[in-house]
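Structure record follows, encoded as structure tokens.
Laboratory data are not the source of any read-out in this text; all were calculated from the coordinates shown. As the structure is a computational prediction, the values presented were derived from the model and not from experiment. Cβ placement follows ideal geometry from the backbone for every residue including glycine, while neighbour counts extend to all protein chains displayed.
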Amino acid sequence: MKLDRTFYLNENVVQLAKTFIGKLLVTNFNGFITSGIITETEAYSNINDKACHANNHKKTNRNANMFLNGGHAYVYLCYGIHPLFNIVTNKENIPDAILIRAIKPYMGIEKMKERKNITNIEKKNIAEGPGNITKLLGITCNHNGIDLLKEQIWVEDIGFEYDKSKLSIGPRIGVDYAGEDALLPYRFKIENKEINL
DNA sequence: CGTACGATCTGCT
DNA sequence: GCAGATCGTACGA
């Protein structure tokens, strides 16, 4: 079932990032449904996290949607090419967000191949990397700020469980500029082979 | 206004 | 392993 608002209002974004592992991320654009089990997440926590776009109370046009109530999307363009998809959490005006870095494709795999422009070649790890999953799921910067309780993008708990001892925890990727905060263990990952539906 | 750069990916070496 | 792609945003002049 679709996660409700209270799930997203959790005040501990790091714990919540871990909880999103194993949940199903679904998009429904123009009647095409694609979805995947979330296999990798990163937490970005509020104003004291130097890796967070809202660190030091920074609020700009780009990151304004991080300040929305929990359960909205924060999508921004990275390196001029890749839309990155984040789930906003916590109460309004508290800029916590969870970056979705990888999924295991579940529904609409043919549509994903089409979006990725793949014909025959089955590439490994096609759904790993935050820029890849937005492409597969059809998420663009136009979806910045949309409500995850509505009908375009949402997250479901399908009752799937995995072996928690196989969850790996480590520092976030690509945030070297964040000084000591680059070392925080805010990244969570489960291998695809641990996902057996 | 000008400019430097990023929560990245791909393809080629 | 490394460079190139590619552009909105942030920030200083």
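Worth pointing out:
- Helix-derived mean residue ellipticity, 222 nm - over chain A, DSSP H n ≥ 4, -39500 (n - 2.57), to 500: -3500 deg cm²/dmol
- Rounded to two decimals, the Cα radius of gyration of segment A:1-76 over 2.2 N^0.38 Å is 1.21.
- Projected-area average for segment A:101-181 over all orientations - Cα convex hull basis, square nanometres: 8.1
- Computed from point charges on the beta carbon alone (+1 for Lys and Arg, -1 for Asp and Glu), the dipole magnitude for chain A about its Cα centre is near 380 Debye.
- Packing, taken as the mean count of other beta carbons within 10 Å per residue, orders the peptides A:105-114, A:155-164 from highest to lowest as A:105-114, A:155-164.
- With a simple spin-label model that places each label point 7 Å from the Cα along the Cα-to-Cβ direction, the separation between A:E180 and A:D163 comes to 3.7 nm.
- Rounded to whole Å, the principal axis extents of the Cα atoms in chain A read 47, 37, 33, largest first.
- With contacts taken as Cα pairs under 8 Å and at least 6 residues apart, segment A:86-145 reaches a relative contact order of 31 percent.
- Rg(Cα) / (2.2 N^0.38 Å) computed for segment A:53-139, rounded to two decimals: 1.24
- Neighbour-limited loop hits for chymotrypsin sites (Phe, Trp or Tyr not before Pro), segment A:47-79 (at most 10 other Cβ within 10 Å; DSSP other than H, G, I, E, B): A:Y79
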